[in-house]
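The values are calculated or read from the model by the stated rules, or taken from the named source; none is laboratory data. Remember, it's a predicted structure, so these values are computed and weren't measured experimentally. Every residue, glycine among them, receives a Cβ derived from its backbone with ideal geometry; neighbour counts consider all protein chains shown. In case anyone asks, the SASA skips ligands and DNA or RNA and just uses the protein heavy atoms, side chains included. Shrake-Rupley method; radii C 1.70, N 1.55, O 1.52, S 1.80 Å.
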Amino acid sequence: MSSTTNEFEGLESLDGRAIVGRRIVWHETTGSTNDDARHAADAGEPEGLVVVADLQTKGRGRMSRTWTSPVGRDILFSVLLKPNPADLPKMPLVAGLAVARTLDAFTDVPITLKWPNDVRAADRKISGSLVESGSSDTGYYAIIGTGVNVNLDATLHPEITDIATSLRTLNGQRVSRREVMRKLLLEMDNIYTSPEQMGALVADWSARLETLGREIDVRWGHELLHGVAEGVDDTGRLLLRDRAGDVHRLEAGEVTTVLRDSR
Ligand code: BTN
């Protein structure tokens with residue numbers, strides 16, 4: 001079996017005060033970093049653990065989809081956090097905003113968000129997060145699992161060729177995963193540990209939402225809703241006004257959205 005080196009080694013010592021990345025565990029191959037983080041949480045791990053892998057054999061996305069990423073090209077990681085329970089619904093927003101701010105530093109292409117947590121560039125998806133929660137003896141926890149397409153060549157993967165992009169595709173040159181990861185952990189930590197940033201989170205995140213004001217289709221369990229995305233509430237739920245004028249508050253975990261005039 002081939003062996004790769006840990007490109008992320010030493011990142012944990014960058015800032016001794018940070019919570020996010022307090023301990024970083026790297027796997028050459030794992031099933032899903034979300035599962036690894038969950039097992040650690042159940043075994044009493046304090047918040048801030050980051051599990052990062054070069055390859056996932058069971059990487060998963062929202063709505064039971066798989067997450068495709070070839071070995072050693074992208075960033076696949078999960079962060080274990082133990083927020084105040086009132087802040088749990090905001091964890092997908094922390095992920096999306098931290099990724100968007102990070103990618104701003106690596107490309108001139110505008111980075112937008114598609115509700116609930118796709119990060120997009122040039123009309124294609126560049127990152128997604130799967131946030132899962134649970135509880136252990138020490139209380140509630142959240143696992144933010146994020147995939148960022150750094151050096152992916154989506155044209156080599158028929159199932160995502162038309163919908164995905166990467167920093168390398170946008171910039172036309174290879175980008176250092178280590179540098180992206182370093183910035184991303186700092187951005188996530190800055191948001192998560194700052195009461196001011198957490199207070200401004202919904203506004204800062206909404207400002208990048210390409211979903212707002214657009215007509216969308218929403219699959220919600222077996223229901224299909226059509227309407228206009230009018231805004232988000234203070235926990236990030238999408239406010240969708242249907243054709244009858246009724247406003248639905250949609251939880252991120254339960255729906256998929258399709259922008260009607262784009263992919
Ligand atoms: C989505 O857009 O549907 C969410 C994708 C989340 C993928 C990441 S990769 C690291 C972590 N481990 C997983 O199994 N999934 C998340």
Checklist entry - Can you put 133, 64, 176 in order of accessible area, largest first, using a 1.4 Å probe? => result 64, 133, 176
Checklist entry - For the stretch 164-221, which trypsin sites (Lys or Arg not before Pro) are both in a DSSP coil and crowded by at most 13 other Cβ atoms within 10 Å? => result 174
Checklist entry - Using only helices, what value at 222 nm comes out for the chain when you add -39,500 (n - 2.57) per DSSP H run of length 4 or more and divide by the total residues, to the nearest 500 deg cm²/dmol? => result -6000 deg cm²/dmol
Checklist entry - Taking only C-alpha pairs under 8 Å that are 6+ residues apart, what is the relative contact order of the stretch 6-206 in percent? => result 21 percent
Checklist entry - Carbon-plus-sulfur fraction of the accessible area of the stretch 95-204, 1.4 Å probe, in percent? => result 48 percent
Checklist entry - Helix 33-42 versus the longest principal axis of the chain: what is the Cα-based angle in degrees, 0 to 90, to the nearest 10? => result 80 degrees
Checklist entry - For the stretch 1-149, with every protein chain kept in place, what is the accessible area per residue (1.4 Å probe, Å²)? => result 42 Å²
